[in-house]
Amino acid sequence: MKTRGACWQLFWAFFRVGIFGFGGGPAMIPLVRAEVVTRHHWLTDEEFADVLAIGNTLPGPIATKMPGYIGYRVGGVIGCIAAVIAIILPMIVAMIVMLGIFSRYRDVAWIRGMGQAVVPVVMVMMAQLTWDFFDKSKAALGWWVSIVMAIVAAGLIYWLGIHPGWVIGAILAAALLRPAGKKKAEGSA
Amino acid sequence: MIYWELFLAFFIPNIIGYGGGPAIIPLIEAEVVGRYDWMTAQTFAETLALGNALPSPIATKMAGYVGYEVAGIGGAFIAVAATVIPTLLLMLGALGLLYRHRDSPRVKRMSQWVRPVIAMMMAWLTLGFMLESLNTSGALHTAIIGIVAAIALIRFNTHPAFVVIGALIYGGLIIP
């Protein structure tokens, strides 16, 4: 079998995606495609589109589901592990090292100032994501349904203190079980 | 016990979070800051800032670091495994089934219907970061950094890493 060589190829391909892929999982898909379809021909364009569509039917980060699946297809269990580790491990180590050094010197005034200054930046990034998700939600469900669902969910989660897992779980169940008609259904938690 | 809690704290957000890694952030915050109190809003924001400045998927970076903070290397391993393995096994195991239903309206509806809830939780988290910053840095610094960051990110599409570095320089020189 060509497994051993294939696993190294998988490792380096997804290592590159992990190192150059900024902006979270969904933003990395074009890079995955460049390695998997264009460079190594592990999948055809259509297969890649199918894998992406299948990945999107499941929850969780897309940038680990795709490497895991492609790694498994090309190099079996070892290939799967190699691909996933290559894409996630380098930057996990970087996070632990950098934040470890940072929190060791938290008592120093200017280090603390640096920590405080990134909070507004994260606020803006989160606001961008909020807008992005509302915008997509508006496109799919319309303005009113999105707003009502958001308000009902906010009341359940933050006012009544229900765990978000129950609210989202109930919505997922409703989406799955309701006949494929076009009617909307609220969070029937 | 701590390993089990870590597993749950990352398993639940990843098994209900449709919309890729970013959708999972507010769900993880609800566990890590809200439920288990492992991190303050401040340290969570710092983690997220560095996470956004570095490449590779955000969900696994957060899991790895939070897991390490809470319970060392073993904790990092558990948190990352809880993030990656369950949905990956589902994908490998139920591939035929998923393949048949990849264009199903019901499946599309699942991610569509979850989106407003995720958006609302993201808005809530945005508000939390704002209150945190007003509290620790004051209104003036919050406004200056927030507005400059918004212009850089939205208007000029500046890479998040540069915006974070800019904020670090401002924070190191001006806030103390």
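Return the total of residues in region A:23-61 being within 14 Å of another protein chain (Cβ to nearest Cβ), surrounded by fewer than 17 Cβ atoms within 10 Å (Cβ to Cβ) and part of a loop (DSSP other than H, G, I, E, B).
Looking only at that region, the number is 1.
Taking only pairs six or more apart or across chains, which ones have beta-carbon atoms under 8 Å, a first residue in region A:134-154 that is outside any helix (DSSP H, G or I), and a second residue that is of a type outside the set (F, W, Y)?
From residues that are outside any helix (DSSP H, G or I), there are no pairs.
So, in region A:14-50, of the ones that are among the hydrophobic types (A, V, I, L, M, F, W, C) and within 15 Å of the chain's Cα centre (by Cα), which residue ends up nearest to B:R102 (Cα to Cα)?
A:I29
Run B:E69 past the list (1) facing chain A (nearest Cβ under 7 Å); (2) under 23 Å from B:V164 (Cβ atoms); (3) surrounded by fewer than 24 Cβ atoms within 10 Å (Cβ to Cβ); (4) of a type in the set (D, E, K, R) and report the number of the one that doesn't hold.
Going through the list (1) facing chain A (nearest Cβ under 7 Å); (2) under 23 Å from B:V164 (Cβ atoms); (3) surrounded by fewer than 24 Cβ atoms within 10 Å (Cβ to Cβ); (4) of a type in the set (D, E, K, R), B:E69 breaks only (1).
Per-residue answers, yes or no, for (1) of a type in the set (G, A, S); (2) within 23 Å of B:A30 (Cβ to Cβ); (3) in a helix (DSSP H, G or I):
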position: B:S133; (1), (2), (3): yes, yes, yes
position: B:L140; (1), (2), (3): no, no, yes
position: B:A150; (1), (2), (3): yes, no, yes
position: B:A161; (1), (2), (3): yes, no, yes
position: B:I165; (1), (2), (3): no, no, yes
position: B:L168; (1), (2), (3): no, no, yes
position: B:G172; (1), (2), (3): yes, no, yes
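Between a first residue in region B:97-122 that is facing another protein chain (nearest Cβ under 7 Å) and touching a residue at least 60 places away in the same chain (Cβ under 8 Å) and a second residue that is part of a helix (DSSP H, G or I) and among the aliphatic types (A, V, I, L, M), which pairs have beta carbons less than 6 Å apart while being 6 or more apart in sequence or on different chains?
Between residues of region B:97-122 that are facing another protein chain (nearest Cβ under 7 Å) and touching a residue at least 60 places away in the same chain (Cβ under 8 Å) and residues that are part of a helix (DSSP H, G or I) and among the aliphatic types (A, V, I, L, M), the close pairs are B:M110/A:L172; B:M110/A:A175; B:V114/A:I168; B:V114/A:I171; B:I118/B:A23; B:M122/A:M126; B:M122/A:L129.
So, in region A:80-106, how many residues would count as being in a helix (DSSP H, G or I) and either without any contact (Cβ under 8 Å) to a residue 24 or more places away in the chain or surrounded by fewer than 18 Cβ atoms within 10 Å (Cβ to Cβ) (or both)?
Qualifying residue count for the region: 17.
Within region B:77-96, does at least one residue satisfy the condition of being within 9 Å of chain A (Cβ to nearest Cβ) and farther than 23 Å from A:N56 by Cα?
The answer is no, given that none of the residues of region B:77-96 is within 9 Å of chain A (Cβ to nearest Cβ) and farther than 23 Å from A:N56 by Cα.
Suppose the filter is in contact (Cβ under 8 Å) with a residue 40 or more places away in the chain, closer than 29 Å to A:P30 by Cβ and facing chain A (nearest Cβ under 7 Å); does B:A59 pass it?
yes
Looking at region B:42-56 only, could you name the residues that are facing another protein chain (nearest Cβ under 8 Å) and in contact (Cβ under 8 Å) with a residue 60 or more places away in the chain?
B:Q42, B:A45, B:A49, B:L50, B:N52, B:L54
Condition check ((1) under 18 Å from B:A76 (Cα atoms); (2) of a type in the set (S, T, N, Q)) across all residues:
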| site | (1), (2) |
| --- | --- |
| B:N14 | yes, yes |
| B:Y18 | no, no |
| B:G34 | no, no |
| B:F44 | yes, no |
| B:A49 | no, no |
| B:P55 | no, no |
| B:I58 | yes, no |
| B:M62 | yes, no |
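Which of the residues belonging to region B:1-38 are facing another protein chain (nearest Cβ under 8 Å) and of a type in the set (V, I, T)?
B:I12, B:I15, B:I16, B:I24, B:I25
Quickly run through region B:87-100 and pick out the residues that are out of contact with any Phe, Trp or Tyr (no Cβ under 6 Å at 6 or more places or on another chain) and surrounded by 18 or more Cβ atoms within 10 Å (Cβ to Cβ).
Selection gives B:T87, B:L88, B:L90, B:L98.
Output the residues belonging to region B:125-176 that are of a type in the set (F, W, Y) and either at the interface with chain A (Cβ under 7 Å from one of its Cβ atoms) or at positive phi (or both).
B:F129, B:Y170
If A:I87 passes every condition in (1) more than 7 Å from every other protein chain (Cβ to nearest Cβ); (2) modelled with pLDDT of 90 or more but one, which one does it miss?
The failed condition is (1).
Name, by its number, the condition in (1) among the hydrophobic types (A, V, I, L, M, F, W, C); (2) at the interface with another protein chain (Cβ under 10 Å from one of its Cβ atoms); (3) closer than 27 Å to B:P160 by Cβ that does not hold for A:V77.
(3)
If you check B:V148 against the conditions, is it buried (at least 19 other Cβ atoms within 10 Å of the Cβ) and out of contact with any Pro (no Cβ under 8 Å at 6 or more places or on another chain)?
no
The values are calculated or read from the model by the stated rules, or taken from the named source; none is laboratory data. These numbers come from a predicted model, not from an experiment. A quick note on method: Cβ atoms are made from the backbone with ideal geometry, for glycine too, and the neighbour counts reach across all protein chains shown.
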